[in-house]
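Values in this text are rule-based calculations from the coordinates and carry no lab data. Because the structure is a prediction, the values reported are computed rather than measured. Cβ sites come from the backbone with ideal geometry, for glycine too, and all protein chains shown count toward neighbours.
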Amino acid sequence: MEDNEKSFDALVRHLQPGRRILVQTHDFPDFDAIAAAYGLYCLFETYGLTSYIIYGEEIQGFSLGETIRTLSIPVHRIKDFALEPQDQIILVDSCPGNKNVTVVPDLTIVGVIDHHPLPPVPLQALYWDVRSHYGSCSTLIYEYFAASSFQPTKNAATVLLMGIMMDTNYLTRGVSQADLDAFSALYFRADWISGNYLLNNSLSVHNVPIFREGLEHLRVYKGFCFTFISKETDADTIAVMADDYLRFHEVAFSVVAGLNQGEIKISVRSEDPGLAASKVVRRALHGIGYGGGHNHMGGGTVSLTKYLGPDDLYERFRAAIDHYIHEVTL
């Protein structure tokens, strides 16, 4: 991690010629992960290098799936992709050592490009570019374009802009000057009318029973709200709900948990500078699951074998919040 040039050219110098390049996101990629991976894929293409975008589990959410289809973004689920022993991996919007990244045995992790805080014990890689003060990994990839002699295509600019907008909640959270500069440059190259349409059409009337259940079960405590969805839902809907609950003037920290494919998925949002979402979710899930993220947003997963019900989960988050509130007031 001592290396100190952070650029696309520096990344390329670490690659082995003649070996396939795999650009890997975290297991359930969101807009920012797909955008950063696609931007990197396009940069490799301009350099005459072939790469493949891979992910571990599933694309969730109508809006992201429709974006991938509409803009013809070539993505591959790892279990459906024929890996080769000489493949080399670049992780984007994710870090080796985090539990939300599938580790592909025996393949070399050449590079890590991310904007999340590093895990306590990251795995090894040859090239690191981790900028945890950025609101979006897409911003980092835009800067690779800006430092090269190439401009992103309209599709690439559109997807990168969508990644920035989603991870910063339309430039309202965790925004750095770099995010604003990237937004300004990409906006005039992108098809933002199409991008905005795709982002805004993320829900379905089939979500109404989920929203109703969330409101019926909502608990509020010291500016913290919690709800649990017993119906099968997707991570995208849970995240939308966590964002929306911050609209209540009594709420500065929201937690939404729900059943998703045999696990409990959790989305966390914070507007309280004294309560970092990533710290709270890690403390709350210690011993039963895992989580992480940023100060303003985070997420986690609990296996059903360790899940003791919504009351236990609520108490865990309440205790974690009390711990950090007490820590701040000491």
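Note that the stretch 159-176 has calculated 3J(HN,Hα) couplings of 5, 4, 5, 5, x, 4, 5, 6, 6, 9, 6, 6, 6, 10, 8, x, 8, 9 Hz, one per residue in order, obtained from phi through the Karplus relation 6.51 cos²θ - 1.76 cosθ + 1.60 (θ = phi - 60°); glycine and proline are x. The 3J(HN,Hα) values that the Karplus relation (6.51, -1.76, 1.60; θ = phi - 60°) gives for the stretch 89-100 are, in residue order, 10, 10, 8, 10, 6, 6, 9, x, x, 7, 7, 9 Hz. Gly and Pro appear as x. Here the Gaussian network model covers the chain, with springs between Cα atoms less than 10 Å apart; of G300, G309, G135, G309 fluctuates the most. Pairs of Lys residues in the chain are counted when their Cα atoms are under 21 angstrom apart and they lie 8 or more places apart or on different chains; the count is 10. Between E5 and Q177, the contour length at 0.36 nm per residue exceeds the alpha carbon distance by 59.9 nm. Note: relative contact order over the chain, using C-alpha pairs below 8 Å and six or more positions apart, is 13 percent. If R0 equals 56 Å, the separation of the Cβ atoms of S194 and E315 corresponds to a calculated FRET efficiency of about 0.80.
Charge tally around N100: other residues with Cβ under 10 Å, Lys/Arg +1 each, Asp/Glu -1 each, net -1. Summing charges over all other residues whose Cβ lies under 15 Å from the Cβ of Y290, with Lys and Arg as +1 and Asp and Glu as -1, gives +4.
Per-residue extension of 0.36 nm, minus the Cα-Cα distance of F81 and H133, leaves a gain of 15.4 nm for this segment. Matching the structure-derived log10 I(q)/I(0) by the Debye sum over Cα atoms at q = 0.07, 0.12, 0.14 Å⁻¹ against the labelled list (i) -0.27, -0.82, -1.12; (ii) -0.32, -0.91, -1.17; (iii) -0.54, -0.76, -0.99 gives the label (i). A simple count of charges around I54, restricted to other residues whose Cβ falls under 14 Å of its Cβ and scoring Lys, Arg +1 and Asp, Glu -1, yields -4. When shorter helices are ignored and each DSSP H run of at least 4 residues is given -39500 (n - 2.57), the per-residue value for the chain at 222 nm works out to -11500 deg cm²/dmol. Computing FRET efficiency as 1/(1 + (r/R0)^6) for H14 and E216, where r is the C-beta to C-beta distance and R0 is 41 Å, gives about 0.20.
Just the number, please: percent antiparallel of the DSSP beta bridges in the chain, rounded to the nearest 5. Looking only at bridges with both residues in the chain, the antiparallel portion is about 45 percent.
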